[in-house]
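The values are calculated or read from the model by the stated rules, or taken from the named source; none is laboratory data. These numbers were taken from a predicted model, which means no experiment stands behind them. Cβ sites come from the backbone with ideal geometry, for glycine too, and all protein chains shown count toward neighbours.
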Amino acid sequence: MVTKFGESTIFDLIGGRPTLEKVHKIFYDKIYAHPWIGQYFKEIQQDIIEIQQSDFMSQAMGGPAIYCGKLPIPAHKHMFISDELFEIRTQLLKESLNEAKVDENGQAAWLKIDQAFKKGICKQFKSDCTLRFNTDEIIDFPNPEKKTA
């Protein structure tokens, strides 16, 4: 993963840890309020996921390497995350970056890192999901805004 932007890291470019925390607070407020994506987070404390995401992105952007959780692909392998769901998430992230006043270069760099995980997280079919543990269930929530026939 490219973490340099000129002579500085992306972490430095965006304003370091304070910016990560600000963006993730705005972002997860939107995520938890969203009628579809929010369902995937109902069992996770928001403040914990905000810290974990800030730790992860710090490392991905060339900042302090303090993340000790699961990597994105194994953490999401039991979740049916469609391209549509990921695109909604991306839009919420873009809104959050704008609201946090991250400049254009910082936003572009951040979104490039974020998009690098799409292929490994998104699945075409629910059958593409695998369990992490025998006690897991495949997590899949229908879009509540779409009517089913």
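Observations on the structure shown:
- Selection of first residues in the range 87-114 that are touching a residue at least 12 places away in the same chain (Cβ under 8 Å) and of second residues that are assigned to a helix (DSSP H, G or I) and of a type in the set (S, T, N, Q), restricted to Cβ pairs under 6 Å at least 6 apart or on distinct chains, gives the following pairs, ordered by first then second residue: Leu97/Gln107.
- When Ser58 is tested against (1) surrounded by fewer than 15 Cβ atoms within 10 Å (Cβ to Cβ); (2) in contact (Cβ under 8 Å) with a residue 12 or more places away in the chain, only condition (1) is not met.
- The condition of being surrounded by fewer than 21 Cβ atoms within 10 Å (Cβ to Cβ) and modelled with pLDDT under 95 does not hold for Glu50.
Residue by residue, here is whether (1) within 25 Å of Thr130 (Cα to Cα); (2) of a type in the set (A, V, I, L, M); (3) within 12 Å of the chain's Cα centre (by Cα) holds:
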{"site": "Ile37", "(1), (2), (3)": "yes, yes, yes"}
{"site": "Asp47", "(1), (2), (3)": "no, no, no"}
{"site": "Phe56", "(1), (2), (3)": "yes, no, yes"}
{"site": "Ala65", "(1), (2), (3)": "no, yes, no"}
{"site": "Cys68", "(1), (2), (3)": "yes, no, no"}
{"site": "Leu71", "(1), (2), (3)": "yes, yes, yes"}
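- Any pair with Cβ under 6 angstrom, 6 or more apart, that starts in the range 12-25 at a residue that is in a helix (DSSP H, G or I) and ends at one that is crowded, with 16+ Cβ neighbours inside 10 Å and modelled with pLDDT under 95: Leu13/Phe5
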